[in-house]
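The values are calculated or read from the model by the stated rules, or taken from the named source; none is laboratory data. These numbers come from a predicted model, not from an experiment. Virtual Cβ from ideal backbone geometry, glycine too; neighbours counted across all protein chains shown. Surface areas here come from the heavy atoms of the whole protein model, side chains and all, with no ligands, DNA or RNA. Shrake-Rupley method; radii C 1.70, N 1.55, O 1.52, S 1.80 Å.
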Amino acid sequence: MVSRVIPVEPFDLIIFGGTGDLARRKILPALFRRYCSGQMPESSRVIGAARSEMDDAAYRDFIREALVEFGKSQADNAEAIEGFLAHLHYVPVDAKGEGGWSALKDLLRDDENVVRAYYFSVGPSLFADLAGQVRNRGLSNRDTRIVVEKPFGHDLESARALNEELAQYFHEDQIYRIDHYLGKETVQNLMAVRFGNMLFEPLWNAQYVDHIQITVAETVGVGGRGSYYDKSGAMRDMVQNHLMQLLCLIAMEPPARFEADAVRDEKLKVIRALDPVDPDQIVRGQYTSDGEMPSYREDAENPTSKTESFIALKCYVSNWRWANTPFYLRTGKRLSSRASEIAVVFKETPHSIFGIDSGRHRNVLSIRLQPNEGMTLGVTIKEPGPGGMRLVDVPLDMSFAEALGPEAEEVTDAYERLIMDVIRGNQTLFMRGDEVEAAWSWTDPLIEGWERRGDSPKPYDAGSAGPDDAAFLINRDGRRWRGIKS
Ligand code: BG6
């Protein structure tokens, strides 16, 4: 399969936080790989901006190391690395003060054919300062874009305040709120499968679907990010954004077009249709030490922390399509395996013509986000051999790497897709302000509930599938979690 690369317009991309971890690990390696694929026009430039004093040469040296470490299949392509580094510049700036802004202005090209985008790869407390500086110092025009990273607020109030602050300087169609899960190849494939095939959509509702499971299981702990994570927890860090976005794409009505507002209007309706969740439908957990690795409380350096590193919950989207269909969501750190999956579990056939001995079977469409991105549809067939009609479930496997050839093996990183979408001016895979606020409106009361009651998360062993209560949450409904080992 030959992939088609459509070059984007020339751009000046300014990365505030250009020396930070995200810039080093994700943003610059993503741009580098797009450069290698021929998508980045020769006249494009990437300008790192941060507090540290350094010149272009020092910044290029710094980023060279990052590309060798995170450039994946291009990491040892020295010629390409040097070619890409030639597009890099650096300006020291003071987000809240005077320093560096006129140097940055001098560097930028005043050419309407050059897209200008600012990537705010910094803590949210600096978003408004930076937006104000860019706007007030004449560094932007009506076409300038800004990209903001999560966390977008800590709750509804702070998210609303942030939206209002940004709106003083930029229009909504200039603001790109990143949720990197939307840039994942399989997540976009979910939309292709739902809306590009006749096969699934007629069955995609409460009449045929028994329930839906969304699991994002990680083996890593929170070490190194403890101070951020301890104020956040799995609900704010993962559910309010990534899992919620996955749920929206599964549950939304078909948008009229694959366009930013058409898609985001449908997602917003899903969030607004979510019922509040009863406390007994939420299980929070916190990992303990396995003897070798530290416990959550040690990682977070907070011996009395009540923050959850795991959460499982059952929720409902109250509308005609999904009435009474449970959505089970689960995510956690230091679990037994790194596995992210969306599973659409269909109902049993209404009547078995094969008798009780053949067992009852359910088709499952499993959408794997990582590892081994792909989809599997479980179908029920006759077990081979003589001796009656016994049924077994076998997978119809659609592994993207196998189906699409070696080029699909190195799956495009979410950031590659998303940054190019910013340059193209396509907001479809970015969150709109009202979506973010609606998501907080749903999570805030749940968080306030357990904080008010003083609930402690249940301890769970590192390397397990989470607290036993999480299994009970679904087992008591006569169902079982799929995927990760317990
Ligand atoms: C981030 C969270 O947004 O997503 C992290 O802050 C989490 O806690 C990460 O580890 C997971 O992303 P991915 O792409 O590795 O699944």
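Between residue 110 and residue 448, the simple spin-label model (points 7 angstrom out along Cα→Cβ) gives 5.0 nm. Inter-label distance, residue 320 to residue 456: 4.9 nm, where each label sits 7 Å from its Cα along the C-beta direction.
Report the Stokes-Einstein translational diffusion coefficient (µm² s⁻¹, integer) for the stretch 10-124, Rh taken as the Kirkwood radius over Cα pairs, at 4 °C with viscosity 1.567 mPa s. In µm²/s, the coefficient is 91.
The heavy atoms of residue 396 offer some 100 square angstrom of accessible surface to a 1.4 angstrom probe.
Under a 5 Å amide H cut-off, with hydrogens placed 1.01 Å from N, residue 118 pairs with 14, 145, 146, 147 among residues at least 5 apart or on other chains. Give me the percent relative contact order of the stretch 209-288, please, defined on Cα pairs under 8 angstrom at least 6 residues apart. Reported as a whole number, the value is 22 percent. Among the GluC sites (Glu not before Pro) within the stretch 34-141, those in coil by DSSP and having at most 13 neighbouring Cβ atoms inside 10 Å are 42, 53, 98, 112. Averaged over its residues, the chain has an accessible area of 45 Å² per residue, based on protein heavy atoms and a 1.4 Å probe.
Using every Cα-Cα pair within the stretch 118-176, state what percent have a distance larger than 17 Å.
29 percent
Rolling a 1.4 Å probe over the protein heavy atoms leaves residue 248 with an accessible area of roughly 0 Å².
Would you be so kind as to identify which of 376, 353, 318 lies farthest towards the positive end of the dipole of the stretch 316-385, taking Lys and Arg as +1 and Asp and Glu as -1 on Cβ and the Cα centre as origin? Value: 318. Using a probe radius of 1.4 angstrom, the carbon and sulfur fraction of the accessible surface of the chain is 50%. Each Lys and Arg Cβ is given +1 and each Asp and Glu Cβ -1; about its Cα centre, the stretch 243-292 then shows a dipole of about 240 debye.
Distance between the pseudo-spin-label points of residue 379 and residue 168 (7 Å out from Cα toward the beta carbon): 6.0 nm. Distance between the C-alpha centers of the stretch 1-58 and the stretch 346-381? Whole Å please. Cα centres, the stretch 1-58 to the stretch 346-381: 44 Å.
At 0.36 nm per residue, and after removing the present C-alpha to C-alpha distance, how many nm does the segment from residue 258 to residue 198 gain when stretched out fully? It would help to have the intermediate numbers written out before the result.
Working: separation 60, 0.36 × 60 = 21.60 nm, distance 1.68 nm.
Result for the pair: 19.9 nm of gain on full extension.
For the stretch 258-347, GluC sites (Glu not before Pro) are listed when DSSP marks them as loop and at most 14 other Cβ atoms sit within 10 Å of their Cβ; the list is 259, 292, 301.
In terms of its Cα atoms, the chain spans 79, 55, 46 Å along the principal axes, sorted from long to short. A 1.4 Å probe, protein heavy atoms only, puts the accessible area of residue 485 near 130 Å². Sequence-distant contacts, meaning Cα pairs under 8 Å at least 6 residues apart, place the relative contact order of the chain at 17 percent. For the residue pairs 26/306; 184/267; 72/231; 26/458; 184/382; 231/458, the alpha carbons lie more than 24 Å apart in 26/306; 72/231; 26/458; 184/382.
The string of couplings for the stretch 16-22 from the Karplus curve (6.51, -1.76, 1.60, θ = phi - 60°) is 6, x, x, 9, x, 5, 5 Hz, one whole number per residue in order, with x for Gly and Pro. Between residue 45 and 11, 12, 13, the built amide H atoms are under 5 Å apart, and every one of these is 5 or more places off in sequence or on another chain. Can you compute the helix-only [θ] at 222 nm over the chain? Use -39500 (n - 2.57) per DSSP H run of at least 4 residues, normalise by all residues, nearest 500 deg cm²/dmol. After summing the helix terms and dividing by the residues of the chain, the value is -9000 deg cm²/dmol. Counting only Cβ charges, +1 for Lys and Arg and -1 for Asp and Glu, the dipole size of the stretch 369-486 around its Cα centre is about 640 debye.
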